[in-house]
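Below is one structure; the comments refer to it alone.
Read-outs: derived from the displayed coordinates by stated rules, not from any lab. Just so it is clear, the model here is predicted, and its values are computed rather than measured. Cβ: placed from backbone, ideal geometry, glycine included. Neighbour counts: every protein chain shown.
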Amino acid sequence: MVRLKDKDEKLIAQCLRGSLKAFEEIIKRHQKKVFLLGQKFFHNFEQAEDFTQEVFLKVMEKLSTFSGKSSFVAWLYRVAYNHAVSKYYLNRKELLLGQDFPDENDVADSSQSPENLLSKKELKEQTQNALKKLPDIYNIVIRMHYFDGLPYMEISEILEMPLNTVKSYVFRAKKMIKEHLSVEKINYFYKDRWAYGER
């Protein structure tokens, strides 16, 4: 099976030789993550669509500068994030929501993982609901880390944030998701009790 990175590199090489079909394939593979990033910034479907188109135009213009030192996904996120900041005059400093960071060794207790609280189907639904409730920057960072598999260091470089800030946001986002899932578990428990006539 061809790995994502290898596939991207082959498509990029074809693009640089003038293949529009290869670039269309790159768009198909990555437009969803760019669109979701746009939604997190702009909270508007049409603006997120316009943003996605603009990002891929920039990707086409800048593709020859991709060195391959980082993953293409990391490079793409940098292009997309920087475009959002410059086009919509967002101040990166306004995204830094605090300076008190937990110790980097401070991690959540895995014995209390959401998987132990909810069935897989319920977990998926409630996790999606929890993600929607996160502050925008938390949502962006946790999606980059868990959905796209980017390490903390790459996220730090893409968003131009201190490494400990990235770790802090992921830590806080996970905590907020767990708290949301715990509340949903309690609500689900009492809903069942009432459904069966228990008081």
Exercise for the section: Work out, step by step, the length gained on full extension between Y146 and V85: first 0.36 nm times the residue separation, then minus their alpha carbon distance; give nm to one decimal. Expected result: 19.7 nm
Handout entry: Vicinal HN-Hα couplings computed from phi for the range 51-60 (Karplus, 6.51 cos²θ - 1.76 cosθ + 1.60; Hz; Gly/Pro x)
Key = 4, 4, 4, 5, 4, 6, 5, 5, 4, 4
Fill in the blank from the handout: Net charge near D148 (other residues with Cβ under 10 Å of its Cβ; Lys, Arg +1; Asp, Glu -1) is +1
Handout entry: K7 paired with K133, simple spin-label distance in nm, labels 7 Å along Cα-to-beta-carbon
Key = 3.4
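Which pairs, out of K87/K132; K32/K87; K7/K28; K40/K69, put more than 18 Å between their alpha-carbon atoms? Mind showing how you got there, number by number?
Working: K87/K132 24 Å; K32/K87 20 Å; K7/K28 13 Å; K40/K69 27 Å.
In this structure, K87/K132; K32/K87; K40/K69 lie more than 18 Å apart at Cα.
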Completion exercise
If each part is reduced to its alpha-carbon centroid, the range 30-47 and the range 153-185 end up apart, in Å, by 20
Practice task
Determine how many Å³ per residue the convex hull of the Cα atoms of the range 4-90 encloses.
Solution key: 87
Fill in the blank from the handout: In whole Hz, the Karplus estimates of ³J(HN,Hα) for the range 127-142 (6.51, -1.76, 1.60; θ = phi - 60°; x where Gly or Pro) are 5, 4, 5, 5, 4, 5, 8, 6, x, 3, 5, 5, 4, 4, 5, 6
Practice task
Would you kindly derive the ³J(HN,Hα) couplings of the range 165-182 from the backbone phi angles with the Karplus curve 6.51 cos²θ - 1.76 cosθ + 1.60 (θ = phi - 60°), listing them in order in whole Hz, with x for Gly and Pro?
Solution key: 5, 4, 4, 5, 5, 5, 4, 5, 4, 4, 5, 5, 5, 4, 5, 4, 5, 5
